Amino acid sequence: MDIILASGSPRRRELLALITKDFAVCPVDADETLRPGAPLDGEVVRLSRLKAEAAQALHPAALCIGSDTMVTIDGLPLGKPADEQQAAAMLRRLRGRTHEVLTGLAVLPPAGGARTLCTRTRVTFRDFTEEELAAYLATGEPLDKAGAYGIQGHGALLVRGIEGDYYSVMGLPVAPLYEILRSLRAV
């Protein structure tokens, strides 16, 4: 069975490669607009499924995987920052606090029977200095990351600890995905 990852994310490719090397990548366009008032955990699952469905429309005989990651604090989502000022504001909001990272996963086998889930990981940031913030912003890393940080990169220096799935914070819940793929006999 062909496996398609509905993402152009290099991180998600690296993480799926921990499970299998036998997959193809199919970046898709999906409307990632959040529905007002909808529970955020349901939204990451819905967006993951939209991505997997878009890939399956192009590859109907393949098993398609979609994933979406959202950083939340005070019940509000923090998306990718538009610019360095927005990234700085997000990181200041997270500084010295615990926030939650929601990662949705959708696995669509060609014969139907979608499997979906949402992981929740609590991430606590250090009370980093303005100088440390400026140094992190200078790396350019915050600009293409939800919540303005990448835990697997220089953003690791901001993190005091996590409760939950590290790989979900990176963008793909590896062990749950592996279990789903094994149950479907895809790996």
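Worth pointing out:
- Computed from label points 7 Å out along Cα-Cβ, the spacing between residue 58 and residue 144 is 1.7 nm.
- Alpha-carbon spread of the chain, three principal axes, descending order, Å: 52, 34, 26
- Distance (nanometres) between label positions extended 7 Å along Cα→Cβ at residue 124 and residue 174: 2.4 nm
- Phi-based couplings in Hz for the range 57-74 (Karplus 6.51, -1.76, 1.60; Gly and Pro marked x): 4, 8, 9, x, 8, 9, 7, 10, 10, x, 8, 9, 10, 9, 8, 10, 8, 6
- Extended-chain gain in nm, criterion 0.36 nm per residue less alpha-carbon gap, residue 157 and residue 134: 7.0 nm
- For the range 132-187, the Cα gyration tensor yields ellipsoid semi-axes of 30, 12, 7 Å (square root of five times each eigenvalue, largest first, whole Å).
- Computed over the chain, relative contact order equals 23 percent, with contacts defined as Cα pairs under 8 Å that lie 6+ residues apart.
- If you take the alpha carbon atoms of the range 1-88 and fit the smallest convex hull around them, that volume is 120 Å³ per residue.
- Cut-off 12 Å between beta-carbons: net charge of the residues surrounding residue 60, Lys and Arg +1, Asp and Glu -1: -2
- Inter-part distance where the range 2-53 and the range 66-139 are each reduced to a Cα centre, Å: 15 Å
We did not get these values from a lab; they are worked out from the coordinates using the rules stated. Remember, predicted model here, so these are calculated numbers, not experimental data. Virtual Cβ from ideal backbone geometry, glycine too; neighbours counted across all protein chains shown.
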